[in-house]
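Have a look at the structure below, then the notes.
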Amino acid sequence: MKNRQERPYTVTKSETAWSSPWYKVRRDQIELPDGRTGEYNVVEKEPAVVVVPMTEMDEVVMINIYRHTTDRWSWEVPAGSVKPTQTPELAAIEELHEEIGGTADNLILLGQFYTMNGISNELCYYYLATNITLGDMHHEPLEIMTRHIRPWPDVLKMIQNGEIKDSLTALALTLTDQHFKF
């Protein structure tokens, strides 16, 4: 019975319901300890990274990106998936280069958290990148974004007044604030 306490669901059948190059939906038939059955759908994704790029002057390099899913512009920091051949650190370096044209002197792991553990297995690694140097952006063709440099106090105000609605960005900035104790 120990196994049922650690893992109370027994998966009786599992199949891929839908897939794309970026994620897939797995449909599991499950049995609960009391014998009831049900269906659970899981969005399976590769791990992800979110990176807070900081300049020597304690400014954050942010992007304002159009998100088709919400039909809104979104203030964010660089983020993206970890490719199967990458480590999270290499993915963070790549996202800095692509989304802000940046390189960093130092990359600090701030933590790792599941992004939507009620529906997805995606684990996200949060980084702080210090002493950012900026160059040309190399983002993906379907990404429409602009790069902006914001003083740290202004970024905190953006979270507080609701300008930053992306939860991954808000968490990354909060973790950065705790790291530095500004």
Sequence of V25, V52, V60 once ranked by neighbouring C-beta atoms within 10 Å, starting from the fewest
V25, V60, V52
Quick one: H179, H139, H68, fewest Cβ neighbours within 10 Å first, how do they rank?
H68, H179, H139
Principal axis dimensions, largest first and in whole angstrom, of the chain by Cα:
59, 37, 33
Ordered by residue, what ³J(HN,Hα) values in Hz, to whole numbers, does the stretch 136-145 give under the Karplus form 6.51 cos²θ - 1.76 cosθ + 1.60, where θ = phi - 60° and Gly and Pro are x?
6, 7, 9, 6, 5, x, 7, 8, 10, 8
Which far-off residues, 5 or more places away or on another chain, put their amide H under 5 Å from the one on G101, with H placed in the peptide plane?
H138
Relative contact order for the stretch 94-182: what is it in percent, counting Cα pairs under 8 Å that are at least 6 residues apart?
29 percent
Among S120, S167, S14, which one moves the most in a GNM of the chain with springs linking Cα atoms closer than 10 Å?
S14
Among E46, E140, E163, which one shows the highest mean-square fluctuation when the chain is modelled as a Gaussian network with alpha-carbon springs under 10 Å?
E140
Multiply the residue gap between L107 and V11 by 0.36 nm, knock off their C-alpha separation, and tell me the result in nm, one decimal place.
30.6 nm
Could you check what % of the DSSP bridge pairs in the chain are antiparallel, to the nearest 5?
85 percent
Pulled fully out, how much extra length does the chain show between Q178 and D58, if you take 0.36 nm times their separation in residues and subtract their Cα-Cα distance?
41.8 nm
What order do you get for M54, M62 when you list them from fewest to most C-beta neighbours inside 10 Å?
M54, M62
Table column - 3J(HN,Hα) (Hz), the stretch 96-109, Karplus curve with 6.51, -1.76, 1.60, x for Gly and Pro:
4, 5, 5, 8, 10, x, x, 10, 10, 6, 8, 10, 10, 6
Extension gain, V43 back to M137 (0.36 nm per residue minus Cα-Cα distance, nm)
30.8 nm
Residue-averaged [θ]222 nm for the chain, counting only DSSP H segments that reach four residues, each worth -39500 (n - 2.57):
-6500 deg cm²/dmol
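Throughout, read-outs are computed from the coordinates displayed, never taken from laboratory work. Predicted, not measured: the structure shown is a model, and the values here were computed from it. No Cβ is skipped: glycine too gets one built from the backbone with ideal geometry, and neighbour counts run over all protein chains shown.
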